[in-house]
1. Taking the Cβ of each residue in Asp55, Asp81, Asp36 as the centre, tally the other Cβ atoms inside 10 Å and list the residues starting with the fewest.
2. Enumerate the amide H contacts of Arg86 below 5 Å, restricted to partners 5 or more residues apart or on another chain; note that Pro and chain-start residues carry no placed amide H.
3. Working from the pairwise distances between different alpha carbons, so that the mean of 1/r is found and then inverted, what is segment 5-97's Kirkwood radius in Å?
4. What is the fewest-to-most order of Ile80, Ile69 by other Cβ atoms lying within 10 Å of their Cβ?
5. From the backbone phi of segment 8-24, what are the Karplus-calculated ³J(HN,Hα) couplings (6.51 cos²θ - 1.76 cosθ + 1.60, θ = phi - 60°) in whole Hz, Gly and Pro given as x?
6. Along the charge dipole of segment 5-97, Cβ charges K/R +1 and D/E -1, which of Asn56, Phe79, Ile15 sits furthest on the positive end?
7. Using the Karplus equation 6.51 cos²θ - 1.76 cosθ + 1.60 (θ = phi - 60°), what ³J(HN,Hα) coupling, rounded to whole Hz, does each residue of segment 46-54 give in order, writing x for Gly and Pro?
8. To make sure I understand, if each residue's beta carbon is the centre and we count other beta carbons within 10 Å, what order do Tyr6, Tyr78 fall in, fewest to most?
Amino acid sequence: MASNTYEMTGSVKTIFEPMTFPSGFSKREFLLTMEDDYPQDVKFTCIKERAAQLDNVTPGERVSVSFRIRCREWQGKYFIDLEAFRINKKEGDGTMIEYENSGGGFEDSGFESGGLEPIDDDPPLPF
């Protein structure tokens, strides 16, 4: 089974201001200059609470970004986003600096309970 997550290392070029929409949705974008024979700037998006990870990063820092490729259709046009879910700073020698971030990592993505706790009053199964 193919993985739907990717990783890229580079230097942060620009961190854009957070954007909040009337629906309550928020996101923050940043540019990463990738480390390659022919470096390019790549735009990533951090959505919702994951945008807080960018508070710990400054332009010029070397980071490793874990991301997913997302696509959506709107009025017959298709839009692709590189959705960053984890950003780790890297030392000059390539070692990673891990830090706690309020946005969480990939492991806690997916279902959001909205503050609801599971109810455990179901009777036990008979088998």
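1. Asp36, Asp55, Asp81
2. Here Ser66 satisfy the definition.
3. Mean inverse Cα-Cα distance, inverted, gives 13.9 Å.
4. So the residues, fewest neighbours to most, are Ile80, Ile69.
5. 9, 10, x, 9, 5, 8, 9, 10, 7, 5, x, 10, 10, 9, x, 6, x
6. Going by the charge dipole, the pick is Phe79.
7. Couplings: 10, 9, 6, 5, 5, 5, 5, 4, 6 Hz.
8. Tyr78, Tyr6
Read-outs: derived from the displayed coordinates by stated rules, not from any lab. Just so we're clear, the structure is a prediction, and the values are computed from it rather than from any experiment. All Cβ positions, even for glycine, are placed from backbone atoms using ideal geometry, and neighbour counts span all protein chains on display.
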